[in-house]
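The values are calculated or read from the model by the stated rules, or taken from the named source; none is laboratory data. What you see is a predicted model, and the numbers here were worked out from it, not measured in a lab. Cβ: placed from backbone, ideal geometry, glycine included. Neighbour counts: every protein chain shown.
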Ligand code: TRP
């Protein structure tokens, strides 16, 4: 049993508690995570320390950390099988991050496109944390000796840097860190903006571009009704020429666990009104039980907080093992037990 547990690969993922999770996150990541929980050691970290690289309202941030954790659990992730916790509850993230800062070059960080984008967007607050954000991310991953990291295309550069830092460190001190690889879900599940269907659905776009997992029913009905389609009137899957219609078909297929072909043949010959109605119903059917479970969890904060504390302790045990090894390798004075 013990052996079996150790042979499982480790998956680590970080989720920002800034903003709300969308059905794009659900289809591309969350719903697949539930399928991994028996075969991998999965660690899901709510990265509140990353979130403060841009200004956050304290009360909002506090609430969103719980909300993200509750959403993960409501999507079927068992907090006993997975580790779901807040980054700031495990001090090893900050400690390893400092050490790795000393193994990362300014030039490497200056090349990061997310840093350049965010610096342009938050020109009034280009703080050092924004600059060293990728190092904290590397610390997150390397602390847990993660084998696989599920990421979107926008985080590939950060994962590459993580691998470079790990290899650099290992080159000096021996095999301390597992060098992680990206884990990319099934293709074909990229969900696009409802208003600009050639762009990825993003929570940072205006409200009517995305459907949040926690959106109320009337908002979901309204947003799908107003989703951009085209004027040829034919239901056909053709992302190049019919991005809006194809996106709705993708959403239906994903939410009803069917293929695009099945979805198209079911709706062929009907109008866009039917397409949208059907899409609305499958989205609502999928989200209803998740929202109910989420509400239940949020109503019992004491339980949710106890889960997070318990999980932080489990995370801490793993993180501390790596951290002590690193500290010893670089020559920090030993901690002598009395
Ligand atoms: N930077 C990631 C994002 O914005 C979040 C993140 C932080 C992360 N630490 C991580 C993702 C570790 C994967 C692994 O999406």
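When residue 182 is tested against the conditions (1) assigned to a strand (DSSP E or B); (2) within 29 Å of residue 63 (Cβ to Cβ), the lone failure is (2). Take the residues of the stretch 9-38 that are over 11 Å from the mean Cα position of the chain (by Cα) and modelled with pLDDT of 95 or more: which is farthest from the ligand (Cβ to nearest atom)? For the stretch 9-38, the residue satisfying everything is 23. Tell me, yes or no, whether the stretch 154-166 has at least one residue that is at positive phi and within 16 Å of the ligand (Cβ to nearest atom). Checking the stretch 154-166: not a single residue is at positive phi and within 16 Å of the ligand (Cβ to nearest atom).
Within the stretch 73-93, the set of residues being more than 14 Å from residue 17 (Cβ to Cβ) and within 15 Å of the ligand (Cβ to nearest atom) comprises 82, 83, 90, 92, 93. Within the set 96, 130, 159, 136, the sole residue that is outside any loop (DSSP other than H, G, I, E, B) and more than 25 Å from residue 21 (Cβ to Cβ) turns out to be 96. If you go through the stretch 123-147 and pick out every residue that is touching a residue at least 60 places away in the same chain (Cβ under 8 Å), over 18 Å from residue 316 (Cα atoms) and within 10 Å of the ligand (Cβ to nearest atom), you end up with 1.
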